[in-house]
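As structure tokens, the structure follows; a few thoughts come after it.
The values are calculated or read from the model by the stated rules, or taken from the named source; none is laboratory data. Treat the numbers as computed from the prediction; the structure is a model and nothing was measured. Ideal geometry is used to build each Cβ from the backbone, glycine not excepted, and the neighbour counts take in all protein chains shown.
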Amino acid sequence: MITAPPEPRLRPGPATPRRARGRSRQNLAGYVFLSPWLLGLMLITAVPMLLSLYLSFTDYDVLSPLSEVEWVGWDNYRRMFTDDPSYWHAVSVTVTFALVAVPLKLLAALGVALLLNRAFRAVGLFRGLFYLPSLLGGSVALAIVWVSMFNRDGAFNSLLGFFGVEGQPWVSDPRYALETLMLLAIWQFGAPMVIFLAGLKQVPAELYEAASVDGAGPARQFWHITVPMLSPVIFFNLVLETINGFQGFTAAFVLSNGEGGPVDSTLMYTLNLYINGFVKLDMGYASAMAWVFLIAIGLITAVLFRTGRFWVHYNDEGNG
Amino acid sequence: MRRLLRVLLLIGILAVVLYPLAWMVGTSFKSPEEIVNNIGLIPEKFTPGNFSAGWNNFQLSFGRFFLNSVLVSVATVLGNVVSCLLAAYALGRLRFRLRGMWFAIMIGTLLLPGHVLIIPQYILFKSLDWVGGDFPYLPLIVPQFLATEAFFVFLMVQFMRGIPRELDEAATIDGAGPYAIFRHVILPLSRPALVTTAIFSFIWTWNDFFRQLVFLSDLSDYTVPVALTLFIDSTSESAVGPMFAMSLLSLIPVFLFFVAFQRMLVEGINTSGLKG
């Protein structure tokens, strides 16, 4: 799916001094143009990664100089896995969130994309309006609105009242707080929807015509043409949304005023990491959490890619 | 007939999807009593006073937070556009040793969650006295000038793949080196990718919360998202209207970008296929 762009073609012929000079010139130019990125890779990514790996084996509170860190070996990891119930709680909150919100978001995206796919005049307008929540939804402002909407006096309860159902303060009830955050995530289905729409446009119409001729109804056409043809796009969205889903922070922070409540019900992994690192100033422990997080995300992505082999069909294999 | 049903269904879904936004607009014009009693969309009595109350809710005017956000966002746009373009040109068009390896590493960083690096970055920036320093936005801005937003590098590499190689070859025959080709061929032709990068990087930075929360410590340095969370601490009934008013104001720049560049944004996530 993602490969390095092809090397520029060189004209055939023996290496002349002129070409050799051209090549070393390109070599130098390549590194000149790449230098800001290389610097960033070293200073902003690689060095911090190594530092955080080191810190994860230490006890460190930021306030004292770096020279005073205390090496504690595997203690942080031991504590995380065996001695910190809130850690496992945060893991389960995050996994629950991703397991529910990601599939539902993708289903909503696919469903609306299918409805939109058959062209009619206002399709561009619809597409844009459905996409709007994806642009706004990650902001603090929208999280504030969302939380108010599911409060006791919020719009959601008035809607329930309309149907004669007694409302309640959903966001302050530990049984439902996380669900309101899932809804917020699902509400932003526009971004994957746009990608689905583009994918649907690539499915050749002849396939459907041939299937109709053979007597296949809409359901069979969906399962035997649309789904397989769309599988690379489904896979792409799945990977992306899963990785995003595990990193939800802003809405949980806003709902719980940065504490993960009520009763830790919205303690997402990244929020827990933030609390340990920047509120409790337990930076060594938080670094260990960050590394476990990184490895977990890596493993999940790898598993997705593995399973993808069984159900993702690449039509144009070999020329991606 | 089926077509009509489909359009009606779509309109129904759209109404549900847009309801929260409409409700936000309506609520930001409601008086404190109405916020409790009238949960409908339209306020009975328009209360524009929420905006002035919200604007002056803290010791500092909200205008200050807006200015701070503009500063951070504009600087980020500038940094991303310049630095990612340079990196993309090297990775996408030039031939040099280890290029394949660097490209693979760039793709790797694409999937690297920002939360993993935030602690060591904080420690580094703090040891440089950048956190809460003379110019407190250095930790937010400097990384953007070093092409750390791999997504934009990737987007531009993808775009540059579409620029015909023959142009480079013709320029080479005319005696142009890599710098001249960059200046006279790639730069002018990459404008659409640059605009997409600029818009997305503005919107993402404007909405970003995590990094701004971590790196900004003084009220006078706060950006809009961080300032908005101050309202949550004080959710007395009377603060809800002003809180909604300021939330609404904060989304207007993003909304305007959406109106102006809708097509480009939608196409932008298509060509590169990314989040939103």
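Counting residues in the range B:178-195 that are among the aliphatic types (A, V, I, L, M), under 20 Å from residue A:36 (Cβ atoms), more than 7 Å from every other protein chain (Cβ to nearest Cβ) and not in a helix (DSSP H, G or I) gives zero.
One residue alone among A:93, A:112 is assigned to a helix (DSSP H, G or I), in contact (Cβ under 8 Å) with a residue 40 or more places away in the chain, within 7 Å of chain B (Cβ to nearest Cβ) and not basic (Lys, Arg), and that residue is A:112. When you check residue A:282 against the structure, is it among the charged types (D, E, K, R), in contact (Cβ under 8 Å) with a residue 12 or more places away in the chain and within 11 Å of chain B (Cβ to nearest Cβ), yes or no? Criteria met by residue A:282. Any residue in the range A:107-130 that is at pLDDT 95 or above and charged (D, E, K, R)? Checked the range A:107-130: no residue is at pLDDT 95 or above and charged (D, E, K, R).
Each residue in the range A:70-125 was checked for being within 18 Å of residue B:12 (Cβ to Cβ), crowded, with 19+ Cβ neighbours inside 10 Å and within 24 Å of the chain's Cα centre (by Cα), and 5 of them qualify.
Those helices (runs of 4 or more DSSP H) of the range A:219-320 in which at least 3 residues are closer than 30 Å to residue A:57 by Cβ, considering only elements entirely within it, cover A:227-246, A:269-274, A:283-311. The set of residues in the range B:8-30 being over 14 Å from residue B:42 (Cα atoms) and surrounded by 15 or more Cβ atoms within 10 Å (Cβ to Cβ) consists of B:10, B:13, B:14, B:17. Could you check, for the range B:54-63, whether at least one of its residues is within 8 Å of another protein chain (Cβ to nearest Cβ), of a type outside the set (Gly, Ala, Ser) and part of a loop (DSSP other than H, G, I, E, B)? No, the conditions are met nowhere in the range B:54-63. Return yes when residue B:54 is out of contact with any Ser or Thr (no Cβ under 8 Å at 6 or more places or on another chain), at pLDDT below 95 and surrounded by 14 or more Cβ atoms within 10 Å (Cβ to Cβ) and no when it is not. Here the answer is yes, as residue B:54 does meet what is asked.
Filtering the range A:172-202 to residues that are aromatic (Phe, Trp, Tyr) and in contact with a Gly (Cβ under 8 Å, 6 or more places away or on another chain) leaves only A:187. Taking residues in the range A:61-85 that are closer than 20 Å to residue A:292 by Cβ, and partners anywhere that are among the polar types (S, T, N, Q) and part of a helix (DSSP H, G or I), the pairs with Cβ atoms closer than 8 Å and at least 6 places apart or on different chains are A:76/A:287. Inspect all residues belonging to the range B:106-124 and state whether any of them is in a helix (DSSP H, G or I), under 22 Å from residue A:28 (Cα atoms), more than 7 Å from every other protein chain (Cβ to nearest Cβ) and of a type in the set (A, V, I, L, M, F, W, C). Yes, some residue in the range B:106-124 is in a helix (DSSP H, G or I), under 22 Å from residue A:28 (Cα atoms), more than 7 Å from every other protein chain (Cβ to nearest Cβ) and of a type in the set (A, V, I, L, M, F, W, C).
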